[in-house]
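Below you'll find the structure, written out as structure tokens, and then a few comments.
The values are calculated or read from the model by the stated rules, or taken from the named source; none is laboratory data. Bear in mind the structure is a predicted one, so any value in this text is a computation, not a measurement. Neighbour counts are summed over all protein chains in view; Cβ atoms, including those assigned to glycine, are modelled from backbone coordinates with ideal geometry.
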Ligand code: G6P
């Protein structure tokens, strides 16, 4: 989704801004733009450049035009209001003011009418342009940029992170945060701002995160932050531990493949210190003894992790568990039982709906909240009482892979913590510990299926639809498999609990519909075999990922791909891998943009 980078320095910042945008490319975008000012001149001419498409096009144009300046702002746009086009790309300019913005201004239509009535002319269809005109109206009336932004934010409804410059005062940038993250980077005699610290890692490792409602004025020498009540506040700068080279694809053709192959290590990292010599160490989870029920909230792939965890939490810990998509939870009036633990799951920790749902639950009186998250310092982590970091490392591919499997590993740890009150707690926890201990090795072994799956993928490339079936804790894995396939190969895919086949999807079965089944050798496998027969009897084309000992063999219209035997408990994690690899290879054959699929964003910071 949209990305922001800004800089104030003595040196030329154009390369810093463009490199920052490149490092945010993975988030998904359709156009890019930059505006720079030369602080040596007051006023400084505002040089703006925008391009539809990739950052490389912007970078080529910037080099051709010799764009340079010590103060600048830059943006990658993911269209919300107005089509992807150069005119709608940021920065938006009004007089001396240039603005980049993430998020959505919900009252933009009313503001647009107000400004048009005063003679302001709009050049774009975006909601962002109202911000540029509103600030320009204030500065034209004599307000300095900081005061102008403070006044304007009171008029804005919705979620935003924004950065503004004024060519009359080119030595400073002013930023405001409300709902969309912004981080300030500290250099020596230079300062930066970005929507994600990854963008700034080549220039600094010291970061301060702005809080909700903060406005900050940034010059080369100073950073002054004001809170929602306009009071000066200190947002402490800390050294970041995020890896510098997270953006490197290494020997892999795509980030997605690299991240699939990183899963044995990522899971080892998730378990480090939490599983020691075959014993669980759950201290970090704190006291869960008063938890009577669990409410999980998440979006996308993270939601599928939550649905899987419900099976574990209820069957292993004996604790009631409800799972809901954040965008639904936040807009209904859920009845939350006393002593409920609210668990949010998010790779980024910045997903707008998940954050809003957390705040909504807090407002309703939830007092115990846990974030299962991959990004330390993210908004979700900072706003939750407890955190279980997944430690997957930076995930660049838009389609989530290692973040998902590490979330599942973390959720098994949580299940073990919740099992504490059971009479047989020690036995349940040991069972979880034993299964987790085998996981990195098993994942490594399962990656050995890659070649077989690459071949299988050829059969999917021409298809327009696919059905994924699973039962029990494999149903959410089927959901995740279908999501992966549609996200990156653009093949329409749906998942069904296999028991639901007769209630509709059987009508879809014909030779053109591939049906993918996840079939570990568990206590539901006999039921699943009946479902497989129902499909075969109707001429469906089956691809079954089956446990080696499940006794399902290839036959007419049925390809069986063996998956290493594993403990039932961790089978959802193991069976995720072949489905990730299948969608990856189908996408490669189809020639889609695997890491940045069309219309999608890595971090969805608007609702
Ligand atoms: C987007 C991403 C998905 C991700 C979802 C939730 O849709 O493309 O991969 O699962 O957001 O993101 P989160 O960061 O909250 O896990």
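Things to note:
- Residue count for segment 433-466, restricted to those that are farther than 13 Å from residue 575 by Cα and buried (at least 24 other Cβ atoms within 10 Å of the Cβ): 2
- Residue pairs whose Cβ atoms lie under 6 Å apart, separated by 6 or more positions or on different chains, with the first residue in segment 15-31 and closer than 11 Å to residue 396 by Cβ and the second within 16 Å of the ligand (Cβ to nearest atom) and part of a helix (DSSP H, G or I), are 23/198.
- Single unsatisfied condition, residue 400 versus (1) within 16 Å of the ligand (Cβ to nearest atom); (2) modelled with pLDDT under 95; (3) closer than 28 Å to residue 432 by Cα; (4) in a loop (DSSP other than H, G, I, E, B): (2)
- Number of residues in segment 90-125 that are buried (at least 24 other Cβ atoms within 10 Å of the Cβ) and outside any strand (DSSP E or B) equals 2.
- Unmet requirement for residue 359, which otherwise passes all of (1) more than 11 Å from the ligand (Cβ to nearest atom); (2) closer than 16 Å to residue 299 by Cβ; (3) crowded, with 21+ Cβ neighbours inside 10 Å: (3)
- Residue 534 meets each of the listed conditions (1) within 20 Å of residue 494 (Cβ to Cβ); (2) buried (at least 18 other Cβ atoms within 10 Å of the Cβ) apart from (2).
- Tally of residues being in contact with a strand residue (DSSP E or B) (Cβ under 7 Å, 6 or more places away or on another chain) and closer than 20 Å to residue 603 by Cα across segment 197-206: 3
- Scanning segment 336-356 for residues that are assigned to a loop (DSSP other than H, G, I, E, B) and within 11 Å of the ligand (Cβ to nearest atom) returns 347, 348, 349, 350, 351.
- Cβ-Cβ contacts under 6 Å between residues 6 or more apart (or on different chains), taken from a first residue in segment 328-357 that is under 18 Å from residue 27 (Cα atoms) and modelled with pLDDT under 90 to a second residue that is within 16 Å of the ligand (Cβ to nearest atom) and assigned to a loop (DSSP other than H, G, I, E, B), are listed as 350/181; 350/378; 350/603; 350/605; 352/605; 352/606; 352/607.
- Once segment 316-335 is narrowed to residues that are part of a helix (DSSP H, G or I) and in contact with a helix residue (DSSP H, G or I) (Cβ under 8 Å, 6 or more places away or on another chain), the residue that is nearest to the ligand (Cβ to nearest atom) is 326.
- Test: residue in segment 235-246 that is within 24 Å of residue 442 (Cβ to Cβ), more than 16 Å from the ligand (Cβ to nearest atom) and part of a loop (DSSP other than H, G, I, E, B): no
- Residues of segment 39-58 satisfying the condition of being crowded, with 18+ Cβ neighbours inside 10 Å and either within 16 Å of the ligand (Cβ to nearest atom) or modelled with pLDDT under 90 (or both): 39, 44
- Of 297, 267, 313, all but one fail to be crowded, with 19+ Cβ neighbours inside 10 Å, over 25 Å from residue 449 (Cα atoms), away from the ligand (no atom under 16 Å from the Cβ) and touching a residue at least 12 places away in the same chain (Cβ under 8 Å); the exception is 313.
- Checking segment 411-429 against the condition returns a match, with at least one residue being within 16 Å of the ligand (Cβ to nearest atom), part of a helix (DSSP H, G or I) and touching a helix residue (DSSP H, G or I) at 6+ places or on another chain (Cβ under 6 Å).
- Filtered by the rule that a residue be over 16 Å from residue 193 (Cα atoms), surrounded by fewer than 24 Cβ atoms within 10 Å (Cβ to Cβ) and in contact with a helix residue (DSSP H, G or I) (Cβ under 9 Å, 6 or more places away or on another chain), segment 17-32 gives 25, 26.
- Filter result for residue 308 (more than 23 Å from residue 378 (Cα to Cα), in a helix (DSSP H, G or I) and either modelled with pLDDT under 95 or within 16 Å of the ligand (Cβ to nearest atom) (or both)): yes
- Of the set (1) assigned to a helix (DSSP H, G or I); (2) buried (at least 24 other Cβ atoms within 10 Å of the Cβ), all apply to residue 545 but (1).
- Residue pairs whose Cβ atoms lie under 8 Å apart, separated by 6 or more positions or on different chains, with the first residue in segment 462-485 and on the phi > 0 side of the Ramachandran plot and the second not in a strand (DSSP E or B), are 472/311; 472/522; 472/524.
- The numbered conditions (1) in contact with a strand residue (DSSP E or B) (Cβ under 6 Å, 6 or more places away or on another chain); (2) over 25 Å from residue 36 (Cβ atoms) are all true for residue 99 except (2).
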